Amino acid sequence: MDRPAPSPYPRLVLRELEVGDVPAVHGVYGSEAVTEHLSFTPRSLPEVQGIVERSMASALVVPRQEHALAVVERATGALVGFGRLALDPHQQRAATVGFALRRESWGVGYGRETVGLLLALAFRDLDLHRVWAARAPLNTASARTLLAAGFTEEGLIRGHVHVRGSWRDSVTYGILREEWEALSPR
């Protein structure tokens, strides 16, 4: 009997968000450290509850336009982050991707695994052609993560995000299906 190949992302899984995830998601989106380079400031518990509810509702829309998912440790079931893949209405078979992890989960490669799982969803499950991402110019950890996942830096969107009282640029990255296939383990 053939055994399935081991997952190239053995520590993490993505799953749909649940109402009970609100406190754990607040541990991500309510954190000043985690949101420092994101496009918004820390969210309150009621705001996070709204995010989780909207994410759960978006999972029921047909055709589905957004996958806002819990990033969970496979071994413990603990929610360590939030991943999002949203179809881009301005590009054919394309999506944008983003993620945020609890501060306690930084520095152990979970970002790379999260992006890998989101890319597998995009290319393997949804048959997309292109995925793109944007990061704050000072978020060098995100730059390393995206490059390690196979993205190519594509450019700068000037004055892209208004956060913390001023406009901030975004550095953009992209990866094509054939690039991902050349890098992804079978």
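The values are calculated or read from the model by the stated rules, or taken from the named source; none is laboratory data. Everything numeric here is computed off the predicted structure, so don't read it as measured data. Note: ideal-geometry Cβ built from the backbone for every residue, glycine included; neighbour counts use all protein chains shown. Each accessible area value is taken on the protein alone, full model and side chains, heavy atoms only, with ligands, DNA and RNA left out. Shrake-Rupley method; radii C 1.70, N 1.55, O 1.52, S 1.80 Å.
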Next item on the list: Scan region 71-78 and give yes if some residue there is touching a residue at least 12 places away in the same chain (Cβ under 8 Å), in contact with a strand residue (DSSP E or B) (Cβ under 9 Å, 6 or more places away or on another chain) and open to solvent by 80 Å² or more (accessible area, probe 1.4 Å), otherwise no.
Entry: yes
Note to self: Need the failing condition index for LEU38 against (1) over 28 Å from PRO137 (Cα atoms); (2) out of contact with any Lys or Arg (no Cβ under 8 Å at 6 or more places or on another chain); (3) not in a helix (DSSP H, G or I), just the number.
What the structure shows: (1)
Item checked: Leading residue by the ranking (least open to solvent (accessible area, probe 1.4 Å)) among those in region 134-160 that are over 21 Å from TYR9 (Cβ atoms) and free of Cβ contacts under 8 Å to residues at least 12 places away in the same chain -> GLY159
Next item on the list: Taking GLY77 as the residue in question, decide whether it is of a type outside the set (Val, Ile, Thr) and on the phi > 0 side of the Ramachandran plot.
Entry: yes
Notebook entry, point to check: Which one is farthest from TRP167 (Cα to Cα) among residues in region 1-33 that are surrounded by 13 or more Cβ atoms within 10 Å (Cβ to Cβ) and at pLDDT below 95?
Noted result: SER7
Margin query: Show the residue pairs meeting these rules: Cβ distance below 9 Å; 6+ apart or different chains; first residue within region 9-27 and in contact (Cβ under 8 Å) with a residue 12 or more places away in the chain; second residue of a type in the set (Asp, Glu) and open to solvent by less than 80 Å² (accessible area, probe 1.4 Å).
Written below: TYR9/GLU113; PRO10/GLU113; ARG11/GLU73; ARG11/GLU113; LEU12/GLU73; LEU12/GLU113; VAL13/GLU73
Item checked: Of the criteria (1) surrounded by fewer than 17 Cβ atoms within 10 Å (Cβ to Cβ); (2) at pLDDT 95 or above, which one LEU87 fails -> (1)
Checklist line | Criterion: touching a Pro at 6+ places or on another chain (Cβ under 7 Å) and either open to solvent by less than 50 Å² (accessible area, probe 1.4 Å) or within 20 Å of ARG15 (Cβ to Cβ) (or both) - qualifying residue of VAL131, VAL171, VAL97, VAL163 | finding: VAL171
